[in-house]
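The structure appears below as structure tokens.
Laboratory data are not the source of any read-out in this text; all were calculated from the coordinates shown. Nothing here was measured: the structure is a model prediction, and the numbers come from that model. Don't worry about glycine lacking a Cβ; one is built from the backbone with ideal geometry, like all the others, and counts go over all protein chains shown.
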Amino acid sequence: MLMESIFESSREVTNMKYHDVIIRWSKISTLLFIAMVLVGDIFGFAITKYICYIWAEVFDPARVIGLSVVYYLGTVGTYIILFSLLKLLSNMGKNVVFERTNLKLMNIIAFTFVGVAVDCLVGGFIWSGSFILAVLALFLALVVQSVRVVFDKAITMKEELDLTI
């Protein structure tokens, strides 16, 4: 009986360390994505000119500027998503998992994905590849909202359990 208890607590410690490692690497990955978006912002106008001239074969300066505006609005949404994700991971690292603040963060992420999708739809009139990005952003919003619903159910169950105890 004692050996089983020791083995069980050892497994829990190993499990906690494993989860901490995953959260740490997720935070590092999120920071790397933020750095990539920063680099993309620095070279954003050159990137949009390249997309317009090479991929979309659009040579109208007004459309190049229009795609640049769409691009930079998309990166604003990306920053919101990444910083919300970083806060969500930070909460999970502190073992603040089933809390209403995480639901708010997931809502922010999902609605920002919808905003990015609308932005990409507008960009689709300049470059058709933007439509694919819009569909992808809407799919990601659906996934985040689905996870948020599961979290909401778990929080409700936790609150009901806390009331019965």
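What to note about this one:
- Over all other residues within a Cβ to Cβ distance under 14 Å of ASP152, the charged ones net out to +2, with Lys and Arg as +1 and Asp and Glu as -1.
- Only helical runs count toward this figure. For the chain, summing -39,500 (n - 2.57) over DSSP H runs of n ≥ 4 and dividing by all residues gives -30500 deg cm²/dmol at 222 nm.
- Summary of packing: across the peptides 69-76, 47-54, the per-residue average of other C-beta atoms within 10 Å ranks them, highest first, as 69-76, 47-54.
- Candidate cross-link partners of LYS49 among the lysines, defined by an alpha-carbon separation under 16 Å and a same-chain spacing of 8 or more, are absent.
- For the chain, the longest principal axis of the Cα atoms and the long axis of helix 61-93 meet at an angle of about 10 degrees.
- Between VAL135 and ASN91, residue separation times 0.36 nm minus the direct Cα-Cα distance comes to 12.9 nm.
- Segment ILE22-ILE65, length gained on full extension (0.36 nm per residue, minus Cα span): 11.4 nm
- Computed from the Cβ-Cβ distance with R0 of 41 Å, the FRET efficiency linking LEU38 to SER128 stands at 0.90.
- In range of the label at ARG100: residues from segment 134-165 whose backbone nitrogen is under 12 Å from the point 7 Å along Cα→Cβ: 156
- The chain: C-alpha gyration tensor shape, a/c 1.5 cut-off, then a/b vs b/c: prolate
- Ranked packing of 144-151, 108-115, most packed first, by mean Cβ within 10 Å: 108-115, 144-151
- Taking 29 Å as the straight-line reach from the Cα of LYS104, the lysines in range (excluding those fewer than 8 positions away in the same chain) are LYS17, LYS27, LYS87, LYS94, LYS153, LYS158.
- Approximate spin-label separation LEU142-GLU57, in nm, with each point projected 7 Å along Cα-to-Cβ: 3.2
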